[in-house]
Amino acid sequence: MTVTALRSSVITFHQDPFLVDPASSYRYLDDALVVMADGKIVSVDPYSDAAVDAATQAAGSAVTVTHYPDSLICAGFIDCHVHYPQTQMIGAFGEQLLEWLNKYTFIAEQQFADKSHADTVSRVFLRELLRSGTTTAAVYCTVHPESVDALFEESERFNTRMIAGKVLMDRHAPDALLDTAERGYDESKALLQKWHGRGRQLYCITPRFAASSTDEQLAAAARLWKEHPGTYMQTHLAENTGEIDWVRDLFPQRSSYLDVYDHAGLTGPRAIFGHAVHMDDVDFACCHRTGSALAHCPTSNLFLGSGLFKLTEAKQTDRPVRVGIGSDIGAGTSFSTLHTLNEAYKVSQMAQGRLTAAHAFYLATRGGAEALYLQDSLGSVAPGYDADLVVLDLAPTPLIAFRMGFTQDILEKLFVLMTLGDDRAVKATYVAGVPVYDSARDEAFHYA
Ligand code: GUN
Ligand code: ZN
């Protein structure tokens, strides 16, 4: 058994700071030894020679300790909503959601009928995640089964835990992107049987949104989901007012956008709803009651002019909803979770919320794991957890190094890092205990 160890400062969350005193929601160690074996974290202790000796004794041989000074180890970031095929179209100008889909997205996604194109983009996508410190993501592929194979094949190479699925669409998109209720069911089932639980890969049934699936397709998606416990379901919800009006016209019998999904059987544990910008109390209560999760996608919601996510209402203590952070590439504008948290803070300022660093880093780690029902294996730096870790550089740029000299404590440092930091603040990323990204060797991540 190979035992390795990292030395640095560590922050980890074990509770939800929206629900308990934030000061008791995390553990911070100024100088820690994180011991890893067989892909798992074995121990997290204050650093000392005795701690290294204990790890050596337990391993039965010398333990290599990699030291990261001026750094901070966190659980790998979790991106709860992202479209890998849209990597090639980030920063498409000038439109709001429905026009943006027609003008840019549905054009780009047609290229994924070609497996080699899907392979190329998957390669870039996985590397961008890892160089941003993201080790798990809930990923939309395209309608083409090949696009799912490409993504999971690449994920398998890094042994990352990815949750992904084929997009289901049987109306309101170009013919080349449409399936049918039956074909979508059959293709998703075959992909699910191939990939769900293979290594660390997990399958997600993925009806794009209510406007692009008929009642029949939503029902088929729900049937498949119920037939395969442990699988996921992801879709878009209440993102844009024009979209909401359209969904109301398409489903006049339903009381709300969320009610379309609830009525179809698409709410429950392991349901992940992207955006959920225009929600009311009844909607949040439904998410709480059913155990459904929301992905807060601030860079996308600002880029497309969709609106401001009501985080404080979502986390209301009498009916808290599971919430994670989503980059929503390519309506979202950054792979960097730090950058996404920066935008989440600004959204909270506009929505009278004031997201603290503790709340933000919780959302990006344990909050995401709770949204995905993976909080027993992901999202914390603690014994028994998967050794998916990001090593953050606390002085990645001259300005941040200078600014850090005026901070008093770790939460202030984290706030500066999420305000000024981006992928340059990621020193290294570990997946199941293995280093998969090292900023000193970033040239390995340049794309042809
Ligand atoms: N709603 C339906 N499809 C999409 C998509 O690809 N991106 C975003 N942001 N919203 C959507
Ligand atoms: Zn999306």
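Out of the residues in the range 135-170 that are assigned to a helix (DSSP H, G or I) and of a type in the set (Phe, Trp, Tyr), state the one that is nearest to Thr235 (Cα to Cα).
Phe152
Kindly establish whether Thr160 is farther than 20 Å from Gln88 by Cβ, out of contact with any Pro (no Cβ under 9 Å at 6 or more places or on another chain), of a type outside the set (A, V, I, L, M, F, W, C) and outside the structural domain of Val426 (by TED's automatic domain parsing).
The answer is yes for Thr160.
So for the range 307-329 (the condition being over 13 Å from the mean Cα position of the chain (by Cα), within 13 Å of ligand 1 (Cβ to nearest atom) and either within 21 Å of Tyr84 (Cβ to Cβ) or in a helix (DSSP H, G or I) (or both)), does at least one residue qualify?
no
Got a number for residues in the range 262-281 being surrounded by 18 or more Cβ atoms within 10 Å (Cβ to Cβ) and under 27 Å from Leu19 (Cα atoms)?
The number of residues fulfilling the criteria is 13.
Residues of the range 241-274 being in contact with a Phe, Trp or Tyr (Cβ under 9 Å, 6 or more places away or on another chain) and touching a residue at least 60 places away in the same chain (Cβ under 8 Å), which ones?
Glu243, Pro269, Arg270, Ile272, Gly274
Can you tell me which condition Asp283 does not meet? The list is (1) assigned to a loop (DSSP other than H, G, I, E, B); (2) free of Cβ contacts under 8 Å to residues at least 60 places away in the same chain, and all the others hold.
(1)
Please verify whether the range 71-93 includes one or more residues that are over 30 Å from Ile163 (Cα atoms), modelled with pLDDT of 95 or more and of a type outside the set (D, E, K, R).
Checked against the condition, which is being over 30 Å from Ile163 (Cα atoms), modelled with pLDDT of 95 or more and of a type outside the set (D, E, K, R), the range 71-93 yields no hits at all.
Within the range 228-258, which residues are touching a helix residue (DSSP H, G or I) at 6+ places or on another chain (Cβ under 8 Å) and assigned to a helix (DSSP H, G or I)?
Gly242, Glu243, Ile244, Trp246, Val247, Arg248, Leu250, Tyr257, Leu258
Has the range 195-208 got at least one residue that is at pLDDT 95 or above and part of a helix (DSSP H, G or I)?
yes
So is Ala54 over 15 Å from Phe361 (Cα atoms) and either modelled with pLDDT under 95 or in a helix (DSSP H, G or I) (or both) or not?
When the stated conditions are applied, Ala54 passes them.
Of the residues in the range 224-245, how many are surrounded by 15 or more Cβ atoms within 10 Å (Cβ to Cβ), farther than 16 Å from Glu99 by Cα and more than 20 Å from the chain's Cα centre (by Cα)?
Final tally of qualifying residues: 3.
Pairs needed: first member in the range 327-355, surrounded by fewer than 24 Cβ atoms within 10 Å (Cβ to Cβ); second member anywhere, modelled with pLDDT under 95; C-beta distance under 7 Å; at least 6 residues apart or different chains.
Listed by first residue and then by second, the contacts come to Ser348/Arg354.
Go through (1) at pLDDT below 95; (2) out of contact with any strand residue (DSSP E or B) (no Cβ under 9 Å at 6 or more places or on another chain) and name the single condition Val63 misses.
Failing condition for Val63: (2).
Take Asp38 and tell me if it is of a type outside the set (S, T, N, Q), over 30 Å from Ile244 (Cβ atoms) and more than 25 Å from the chain's Cα centre (by Cα).
So Asp38 does not fit the description; no.
So Ala173 ticks every box in (1) under 25 Å from Asp114 (Cβ atoms); (2) within 16 Å of ligand 2 (Cβ to nearest atom); (3) within 25 Å of the chain's Cα centre (by Cα); (4) of a type outside the set (S, T, N, Q) but one. Which box is left unticked?
Unmet condition: (3).
So Tyr84 ticks every box in (1) closer than 23 Å to Leu392 by Cβ; (2) surrounded by 14 or more Cβ atoms within 10 Å (Cβ to Cβ); (3) not β-branched (Val, Ile, Thr) but one. Which box is left unticked?
Every listed condition holds for Tyr84 apart from (1).
Out of the range 399-448, which residues are assigned to a loop (DSSP other than H, G, I, E, B) and either surrounded by fewer than 17 Cβ atoms within 10 Å (Cβ to Cβ) or polar (S, T, N, Q) (or both)? Talk me through it step by step, then tell me what you get.
Restricting attention to the range 399-448, the residues satisfying the condition of being assigned to a loop (DSSP other than H, G, I, E, B) are 405-409, 421-422, 432-433, 446-448.
Matches in the range 399-448: Gly405, Phe406, Thr407, Gln408, Asp409, His446, Tyr447, Ala448.
Residues being more than 13 Å from ligand 1 (Cβ to nearest atom) and in contact with a Leu (Cβ under 7 Å, 6 or more places away or on another chain): count how many of those fall in the range 239-260.
1
For Asp376, work out the one condition from (1) under 16 Å from Asp70 (Cβ atoms); (2) part of a loop (DSSP other than H, G, I, E, B); (3) among the acidic types (Asp, Glu) it doesn't fulfil.
Checking Asp376 against (1) under 16 Å from Asp70 (Cβ atoms); (2) part of a loop (DSSP other than H, G, I, E, B); (3) among the acidic types (Asp, Glu), the one that fails is (1).
Do you know which residues across the range 72-83 are more than 11 Å from ligand 1 (Cβ to nearest atom) and in contact with a helix residue (DSSP H, G or I) (Cβ under 9 Å, 6 or more places away or on another chain)?
Correct list: Leu72, Cys74, Ala75, Gly76, Phe77, Ile78, Asp79, Cys80.
Let me confirm something: among Phe303, Phe284, which residue is crowded, with 20+ Cβ neighbours inside 10 Å, within 16 Å of ligand 2 (Cβ to nearest atom) and within 21 Å of the chain's Cα centre (by Cα)?
Step by step, each of Phe303, Phe284 is checked, and only Phe303 is crowded, with 20+ Cβ neighbours inside 10 Å, within 16 Å of ligand 2 (Cβ to nearest atom) and within 21 Å of the chain's Cα centre (by Cα).
The values are calculated or read from the model by the stated rules, or taken from the named source; none is laboratory data. Keep in mind that this is a model prediction, so the values were computed, not measured. Here Cβ is always computed from backbone atoms with ideal geometry, including for glycine, and neighbour counts include all displayed protein chains.
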